[in-house]
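Student: Before anything else, here's the structure in question.
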Amino acid sequence: MEALSRSRQPFSHTNEQQLEAARRMALFPKDAEVIFIAEDVWVPVVRLEGRLCVFPGIPSLFQRMLTGLTPFLPLPSKSERPLRIQIFTERPESYIAPYLSSLQERFQKRVQVGSYPVLGKGVFVSLIGGDPCGQKEDGKPLFLAEIASEVEQEISGRVVSDEEIAEKKGENSRILELKL
């Protein structure tokens with residue numbers, strides 16, 4: 001514990017109660033994996049059963065540790081990751097909901113369909129799935145972009161980039177801040 005706390009107040013300046021409290025905070029579950037993401041970061045990430053990670057509550061330290069943990073995560077290759085396409089419409093969510101429900105039922109677990117309204121702006125429809133995500137009636141592969149084209153037509157929307165999404169959502173956040 002002392003070796004990991006080199007950059008912190010020396011233990012020679014602590015009383016027995018403080019030292020005992022520090023030891024209690026350094027206890028980990030028996031089968032926990034303790035991962036030090038960098039030599040200059042004194043607190044570890046604790047991983048349980050290879051899946052659940054426990055981080056400190058300090059935001060700047062959390063962000064650094066999250067970034068540093070990436071090499072330790074068993075992430076799928078880019079080709080195995082699902083694809084996400086988002087379509088924006090100015091129509092109300094209640095207007096497009098029946099169509100989106102039927103779309104979800106058609107593709108069941110192959111494509112996830114979500115709708116995310118932005119106050120006073122419209123609705124983002126998110127399609128998430130593998131690519132290809134199924135087969136057409138003629139046996140040819142069905143790509144997520146083809147489903148997105150159908151959605152664009154049905155909800156009078158258009159496919160949007162991540163930058164456009166951030167911009168629309170950011171504008172909405174600024175409006176709320178001004179009203180408060």
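The values are calculated or read from the model by the stated rules, or taken from the named source; none is laboratory data. Remember, it's a predicted structure, so these values are computed and weren't measured experimentally. Using ideal geometry, Cβ is built from the backbone for each residue, glycine included, and neighbour counts are taken over all protein chains shown. The accessibility values were calculated without ligands, DNA or RNA, using every heavy atom of the protein model including side chains. Shrake-Rupley method; radii C 1.70, N 1.55, O 1.52, S 1.80 Å.
Student: For the stretch 23-35: of the residues being without any contact (Cβ under 8 Å) to a residue 24 or more places away in the chain and in contact with a strand residue (DSSP E or B) (Cβ under 8 Å, 6 or more places away or on another chain), which is nearest to residue 67 (Cα to Cα)?
Tutor: Restricting to residues being without any contact (Cβ under 8 Å) to a residue 24 or more places away in the chain and in contact with a strand residue (DSSP E or B) (Cβ under 8 Å, 6 or more places away or on another chain), the top hit is 34.
Student: Here is a further query. Select from the stretch 67-88 the residues that are open to solvent by 40 Å² or more (accessible area, probe 1.4 Å), in a helix (DSSP H, G or I) and not charged (D, E, K, R) and list them in ascending order.
Tutor: Matches in the stretch 67-88: 67, 70, 71, 72, 79.
Student: Would you please name the residue that is modelled with the lowest pLDDT, looking only at residues in the stretch 124-152 that are charged (D, E, K, R) and part of a loop (DSSP other than H, G, I, E, B)?
Tutor: My answer is 131.
Student: Across the stretch 111-123, what is the total count of residues that are touching a Leu at 6+ places or on another chain (Cβ under 9 Å) and assigned to a loop (DSSP other than H, G, I, E, B)?
Tutor: Within the stretch 111-123, residues that are touching a Leu at 6+ places or on another chain (Cβ under 9 Å) and assigned to a loop (DSSP other than H, G, I, E, B) number 1.
Student: Could you please let me know if residue 56 is modelled with pLDDT under 85 and open to solvent by less than 70 Å² (accessible area, probe 1.4 Å)?
Tutor: yes
Student: Okay, next question. Given 121, 30, which one is at pLDDT 80 or above, open to solvent by less than 70 Å² (accessible area, probe 1.4 Å) and charged (D, E, K, R)?
Tutor: 121
Student: In the stretch 124-146, what count of residues is obtained for those that are touching a residue at least 60 places away in the same chain (Cβ under 8 Å) and crowded, with 17+ Cβ neighbours inside 10 Å?
Tutor: Looking only at that region, the number is 1.
Student: If the requirement is being surrounded by fewer than 11 Cβ atoms within 10 Å (Cβ to Cβ), within 19 Å of the chain's Cα centre (by Cα) and at pLDDT below 95, which of these qualifies: 161, 115?
Tutor: Result: 161 is the single residue among 161, 115 that is surrounded by fewer than 11 Cβ atoms within 10 Å (Cβ to Cβ), within 19 Å of the chain's Cα centre (by Cα) and at pLDDT below 95.
Student: Among the listed residues 91, 64, 47, which satisfies the condition of being at pLDDT 80 or above, among the charged types (D, E, K, R) and part of a strand (DSSP E or B)?
Tutor: Going through 91, 64, 47 in turn, just one is at pLDDT 80 or above, among the charged types (D, E, K, R) and part of a strand (DSSP E or B): 47.
Student: So residue 108 clears everything in (1) in a helix (DSSP H, G or I); (2) surrounded by 17 or more Cβ atoms within 10 Å (Cβ to Cβ); (3) not hydrophobic (A, V, I, L, M, F, W, C) except one condition, right? Which one?
Tutor: (2)
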